[in-house]
Amino acid sequence: MAYNEQEIDAGDGWGENTSLSGTFKNTFQLNNGTVSAGLDFFDEKAAGRTASSVTPLAFGGTEKNRNIGVFAQVRQDLSSRASVSYGARFDFQNFTGADGSKFDDSGLSANAAIDYVLSDFWTLNAGIASTFGGYELGEATIINFFAPWEYTGLDTSRSNSARLGLRFDNGPWVANGALFYTEINDYVSGFPPRGGTRATASDITTRGFDGSLAYHWGEGFARLNYTYADVEEDGATIGSTAYYRGRPMGHIVALESAWQPGSGWTLGGTAEIAPEYKDANMGSYSVWNVYAEYVPPNMDNLRVRLDLRNLFDETFVARANDSAGDTSGRPIPMNEPGRTIALTATLTF
């Protein structure tokens, strides 16, 4: 059981989100695996208001969302080569709008995944899922923003996703790669457009590839990660101000290496390289970091670390930053910190 309450007080604007949730679950043993089954629920509320002497800027209201679901998930080793996971859940949901309108819906979700050892070095993994998305609360502080929200036609969303990957591992060399695809149909954002059409829906699609290549030796390792993600809303590259719906990412390369010469020392570095992403109006950047870490041989609970982050003092906006690449002139994207030196000591006990 969990209860959560968050309050925002920002000048004339005030908002509060409360949530009560719980899960009742048991795990049953099978000859070759387990079954986890049970039920869960949540009861959420978003309430907010804005005080202003200007009529269009004085607004407020409350939305509520309740859900109860039953579920079962099976994990089995079918053989020494094949492991599977599959399951389903069914949800019943009730939503109440700020105008008192009520909506009820229910939906089935299902998933399945498999890991299959092809040989001593190669493993195949694949998975699919279809998920009932339900309703979503609006942002508390802006309920009825500029105009009373209109709920006619409000509907629930559904996502469908798939992933297919390969892994290679022969000891020193480890490589893996996977294709992924997700579509969210009839997604209704918790941040409706100005004018109050709460039921405004869009379709979100994410497709791409992520992979890594690593080499390990006795005193260290080197790793390269690559990710490409194309995120679209209604067929066009999503904008970085689509706060609740997705983020444009493009291509991102990450590098990492570390070496332990002995006597408790570790020397290493990381880097993030992002080529220009013209579709989302995002520039390129490359950020390099180095560090040295020391653990005294006779005091292994003490860790002293010196970091030099953003070694070349790159001025950049990270891909995941709100408003990165935005050209409207209203949101101002925040640059990441420049060259930073940090000396830290950590004692565990």
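Listed values, structure above:
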read-out: The range 290-330 - residue that is surrounded by 10 or more Cβ atoms within 10 Å (Cβ to Cβ) and among the basic types (Lys, Arg) and, of those, modelled with the lowest pLDDT; value: Arg319
read-out: Top-ranked residue of the range 331-349 - restricted to ones that are within 25 Å of the chain's Cα centre (by Cα) and over 19 Å from Val287 (Cβ atoms), ranked as surrounded by the fewest Cβ atoms within 10 Å (Cβ to Cβ); value: Ile332
read-out: Conditions (1) over 25 Å from the mean Cα position of the chain (by Cα); (2) without any contact (Cβ under 8 Å) to a residue 24 or more places away in the chain; (3) surrounded by 15 or more Cβ atoms within 10 Å (Cβ to Cβ): number failed by Ala88; value: (1)
read-out: Condition check for Thr27: within 18 Å of Tyr135 (Cα to Cα) and assigned to a strand (DSSP E or B); value: no
read-out: Search result, residues across the range 223-243 that are open to solvent by 60 Å² or more (accessible area, probe 1.4 Å) and modelled with pLDDT of 95 or more; value: Arg223, Leu224, Tyr226, Tyr228
read-out: Pairs, first free of Cβ contacts under 8 Å to residues at least 24 places away in the same chain in the range 202-227, second in a strand (DSSP E or B), C-beta under 9 Å, six or more apart; value: Gly218/Gln260
read-out: Search result, residues across the range 185-217 that are more than 21 Å from Gly107 (Cβ to Cβ), of a type in the set (Lys, Arg) and surrounded by 15 or more Cβ atoms within 10 Å (Cβ to Cβ); value: Arg207
read-out: Test result for Gly171, within 30 Å of Glu272 (Cβ to Cβ), loosely packed, with under 15 Cβ neighbours inside 10 Å and at pLDDT below 95; value: yes
read-out: Hey, Gly220 within 18 Å of Trp259 (Cα to Cα) and surrounded by fewer than 16 Cβ atoms within 10 Å (Cβ to Cβ) or not; value: yes
read-out: Which numbered condition Gly133 fails, given (1) surrounded by 16 or more Cβ atoms within 10 Å (Cβ to Cβ); (2) free of Cβ contacts under 8 Å to residues at least 40 places away in the same chain; value: (2)
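The values are calculated or read from the model by the stated rules, or taken from the named source; none is laboratory data. Fair warning: this is a prediction, and the values are worked out from it, not measured in the lab. Note that each Cβ is placed from the backbone with ideal geometry, even for glycine, and that neighbours are counted across all protein chains shown. These accessible areas exclude ligands, DNA and RNA; they are computed on the full protein's heavy atoms, side chains included. Shrake-Rupley method; radii C 1.70, N 1.55, O 1.52, S 1.80 Å.
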